[in-house]
Number of protein chains: 2
Amino acid sequence: MNNSTDVIIVGAGFAGLTAAKALLQAGKTVRILEARSRVGGRVHTEHFADFYLDMGGTWVGPSQDRVYAMLKEYQLVTFPTYDEGKSTLMMNGKRRNYKGLIPPLPIPALLSLDFAIKKINKLSKTVDLASPWNTPNAQHWDSMTLQTWMNQQMRFKTARKLFGIASEAIWAAHPNEVSMLHALFYTKSGRDFDTLMNVKNGAQEERILGGAQTLALKIADDLPENTILLNHRVDSIVQDEQGVEVIGKDFHYHASKVIVAIPPTLTHKIQFSPALPANRQQLVQRIPMGSVWKCYAVYEKPFWRAKELNGLAASDEGYVSVTFDNSPKDGSKGIMMGFVLANQAKAFSLLSEAQRKEVVLKQFTQFFGEEAQTPLFYVDKSWAEEEFSGGCYAGLMPTGAWTSLGKHLREPIKNIHWAGTETAEIWNGYIDGAIRSGERAADEILEKI
Amino acid sequence: MNNSTDVIIVGAGFAGLTAAKALLQAGKTVRILEARSRVGGRVHTEHFADFYLDMGGTWVGPSQDRVYAMLKEYQLVTFPTYDEGKSTLMMNGKRRNYKGLIPPLPIPALLSLDFAIKKINKLSKTVDLASPWNTPNAQHWDSMTLQTWMNQQMRFKTARKLFGIASEAIWAAHPNEVSMLHALFYTKSGRDFDTLMNVKNGAQEERILGGAQTLALKIADDLPENTILLNHRVDSIVQDEQGVEVIGKDFHYHASKVIVAIPPTLTHKIQFSPALPANRQQLVQRIPMGSVWKCYAVYEKPFWRAKELNGLAASDEGYVSVTFDNSPKDGSKGIMMGFVLANQAKAFSLLSEAQRKEVVLKQFTQFFGEEAQTPLFYVDKSWAEEEFSGGCYAGLMPTGAWTSLGKHLREPIKNIHWAGTETAEIWNGYIDGAIRSGERAADEILEKI
């Protein structure tokens, strides 16, 4: 293979892999340059002796049609996220268990919460997903934070707390970091707030047997040999009349077009020549990544199930805000996963590993009982520590960004095209959105070459 | 000079130059690495045949004690910004001229505006400048945008418009991009809202004879030969037990300590090894730069003065929001400067040079009369286009940033110290703040070595 291809793709996450697949199917030559020593981006499955852990993106759910189509194509199997039994709520210093979707809270708080969820769903329907800045009252919604809107809508503190926990679990950000216009966009992009929040009929409905990264590996294996070059960190992209030069420490490749399929904030780290237009640069200054730690404790058995607990917990105190039962399909181990989110994630980053383990197990014990105190194994992961992610789950729009600069998010710059889940209209922030963004970027290029 | 010094400073703006000066005075050896071919950073004076233009930072004013001390030390002269005669207000489709500080608006709107300004001043007094996250109700103020606060405080649209124009002129950002906590911090940092806004007794009170960059050049000239290496873009900083290695394309320098004196968002562009802590990386994802174009028209004479106009205009329509008379001290030319700010700056970036000139001169003509239509010369500058600034005037805190990550703004990371006006407690965002930040970073290092 010589040094020139039709297209170079920067990043072998789901967006980059999908774009490569689509371009190759259309007969184009493609090279993927990946900074890491693996494919999958923010989706990474770690394998241990007799279990595996999804350290990043994990679940799939209804209406995520593109990821399901890929799973089908590669004959991968999904299975339901465990949610039989009662959920756990730690709120205002008390633990309560409950069945179904309605937490055991005072009726006024429940009504307030229900009203707010219905309202955000209704408002989200007005969003123009292709160009959120054209949404009716876009300027109004983009001038306030999600937190401001929550304060206006919910007079009951308990309702605001629970809505806040759900929001942090959805965005991996404090509601004060997220523009209300972005919250509405994202809600519609992922169908509605209930879908984003829930296991059954929601974005957490199913898991992928073998781990979510398996799909990335399958797509990668299906590409012609040497398409993906790992450990190839791109330092600069030079455009000229002949196309693009993509340059790293020990390499220099040429192509007609390039797809940059990395989180927007990381495009800062690439030197572009000529420099990117001012508005593009200002935009990427305004798309910070969410903050999340995933904390895993592995037990002999999913002991909570015997207590008729589904392993789902939500807490208004401590570092861990929500938990999921991420045990193997056959229940041969008990695997509890806790999310440490937003401001708690930032504080958690200042603890030592021993401290982190201690505080997480203490909370798991509060939620599920004494057995949680002594796992076989504990491991956690901070995505903000990852140089080639900068945070998780995704880049977020603070107030003012969509309306002032949103139109530059996907707009190609001569021969540079942009992919990544942040550029998706549908399931923005999810694996499904990443796949859609890769396909869209490939289509843009196929219209031109 | 060998390859090792006590301290390396990245950036020869006012922060870097001041830090170097302080360290050298204390007997340390210093090298400054500057990516541009000039010193001064966001302060740059362009010289023409018989006039000069401050393309970046321009004014100095009361309580900016550190910049005045420097001006005195280098025997530089300041002179008052011209403001004799009437100001011009374009509002709701009408032009009005008025003397003094009170615009000719309906009394209810004026009262509303006055109330809001007094209130922001009063609230700002509660801010803890050294640690804004410790301000009473910090979480409350950091959860809303300045725009949300304006909407709550001012029921009259005209009052909100005028407050909005002032805010955009102060922050080079739309009020929906700025956290209310940051607005309060910045207001106190620059004394009060009136000081930030005004010419007389305000931040725009005086100009520097010869141009603002003259001071940077004087400080630079006063440093030992070869202290500053221009055209030295730093690509990576490696920390080890021996100190720091600072590396660029054709160079490699060693020091015990490094001061990074560039806008926070640009630190993304440097590769750090070991990688910076997650919280530091997340913080710099959350400090976008303001957006501003400076547009100059040069005339034979300051013709507006003959009409008893002071050249100060504010407009609620068009690209140019505010203007200043930036003529030479002796009035030998008429120099009108218009600011295009925030969202208007982003839209202005999409126009051609000919279009930009046309729309600016059209507005100058609306403000000051037909003579404005035919300048001797027109030039404009977008700071967002500048690779080594990323925008102007300064980095801004969106909602949530101060409270979640603010404490990492100045915190040294082993041998890496941080300077730049964004790290200043007093006159944050101004030349004076940059100087204070350089002195503070030098002090930090002198306590250690």
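The values are calculated or read from the model by the stated rules, or taken from the named source; none is laboratory data. In this text, all values refer to a predicted model and were calculated from it rather than measured experimentally. In this analysis, Cβ positions are derived from the backbone assuming ideal geometry, glycine residues included, and neighbour counts consider all displayed protein chains. Just so you know, the surface numbers come from the protein's heavy atoms only, side chains and all, with ligands and any DNA or RNA stripped out. Shrake-Rupley method; radii C 1.70, N 1.55, O 1.52, S 1.80 Å.
Observations on the structure shown:
- For region B:77-91, Karplus couplings with θ = phi - 60° (6.51, -1.76, 1.60), whole Hz, Gly/Pro x: 10, 10, 9, x, 4, 5, 8, 8, x, 8, 8, 10, 10, 9, 9
- For the protein assembly as shown: accessible area per residue (Å², 1.4 Å): 36 Å²
- Per-residue average of Cβ from other chains inside 10 Å of B:271-277: 2
- Summed side-chain charge close to A:ASP380 - residues other than A:ASP380 whose Cβ falls under 9 Å, Lys, Arg +1, Asp, Glu -1: +3
- Spread over its residues, the convex hull of the C-alpha atoms of region B:1-102 is 203 Å³ per residue.
- Pairing chains B and A buries close to 3600 square angstrom of accessible surface in total, based on protein heavy atoms and a 1.4 angstrom probe.
- Both numbers refer to the Cα atoms of region A:147-296; Rg and Dmax are 20.5, 61 Å.
- The charge dipole of region A:335-415, taken about its Cα centre with unit charges on the Cβ of Lys, Arg, Asp and Glu (plus for the first two, minus for the last two), comes to roughly 440 debye.
- Annotation: amide H of A:VAL260 within the under-5 Å range of A:VAL10, A:HIS417, A:TRP418, A:ALA419, sequence separation 5 or more or interchain, hydrogens built in the peptide plane.
- Between 0 and 90°, nearest 10: helix B:107-124 axis offset from chain B longest Cα axis: 10 degrees
- Tensor-based shape of region B:154-237 (alpha-carbon gyration tensor, a/c under 1.5 rounded, otherwise prolate or oblate): prolate
- Relative packing of peptides B:417-424, B:99-106 - highest average C-beta neighbours within 10 Å first: B:417-424, B:99-106
- At 0.692 mPa s and 37 °C, Stokes D of the protein assembly as shown from Kirkwood alpha-carbon radius, µm² per second: 114 µm²/s
- Using the empirical formula 2.2 N^0.38 Å as the baseline, the Cα radius of gyration of region B:392-447 reaches a ratio of 1.14.
- Nitroxide proxy distance, nm - points 7 Å out along Cα→Cβ at B:LYS200 and A:GLN373: 7.4 nm
- Ordering of A:438-445, B:397-404, B:153-160 by packing [mean C-beta count within 10 Å, highest first]: B:397-404, A:438-445, B:153-160
- Relative to the Cα centre, the charge distribution of region B:54-150, modelled as +1 at Lys and Arg Cβ and -1 at Asp and Glu Cβ, gives a dipole magnitude of about 500 debye.
- GNM remark for chain B: springs join alpha carbons under 10 Å apart, and the peak mean-square fluctuation among B:ASP250, B:ASP192, B:ASP54 falls on B:ASP250.
- Cα gyration tensor, region A:25-73 - rounded (a/c under 1.5), prolate or oblate: oblate
- With the simple spin-label model, which puts each label point 7 Å out from Cα in the Cβ direction, the B:ASP221 to A:ALA26 separation comes to 6.0 nm.
- Here the gap between B:ILE449 and B:ALA130, fully extended at 0.36 nm per residue and compared with their Cα-Cα distance, gives a gain of 112.4 nm.
- In Å², nearest 10: area of A:ASP222 left accessible to a 1.4 Å probe: 90 Å²
- Atom-type composition of the exposed protein surface of region A:227-324 places 52 percent of the accessible area on carbon and sulfur (1.4 angstrom probe).
- Note on region A:240-388: Kirkwood hydrodynamic radius from all Cα pairs is 18.4 Å, rounded to one decimal.
- Highest average packing first - B:375-381, A:387-393, Cβ atoms within 10 Å: A:387-393, B:375-381
- Inter-chain neighbour count for B:386-392: the average number of beta-carbon atoms from partner chains within 10 Å of each residue's beta-carbon is 3.
- Where labels lie 7 Å past Cα in the beta-carbon direction, separation of A:ALA354 and A:ALA275 in nm: 4.9 nm
- Nearest 10 degrees, 0 to 90: helix A:353-368 Cα axis against chain A principal axis: 50 degrees
- Shielding value for B:172-179 is 5, the average number of Cβ atoms from other chains within 10 Å of each residue's Cβ.
- Over all other residues within a Cβ to Cβ distance under 13 Å of B:PRO274, the charged ones net out to -3, with Lys and Arg as +1 and Asp and Glu as -1.
- Members of B:LYS125/B:LYS294; A:LYS119/A:LYS161; A:LYS200/A:LYS407; B:LYS329/B:LYS357 lying beyond 23 Å, as alpha-carbon distances in this model show: B:LYS125/B:LYS294; A:LYS200/A:LYS407; B:LYS329/B:LYS357
- Cα-based convex hull, chain B, per residue volume (Å³, whole number): 134 Å³
- Between region A:77-127 and region A:297-355, the Cα center-to-center distance that results, in Å: 18 Å
- Positive minus negative residues near B:SER236 (Lys, Arg vs Asp, Glu; Cβ under 15 Å): 0
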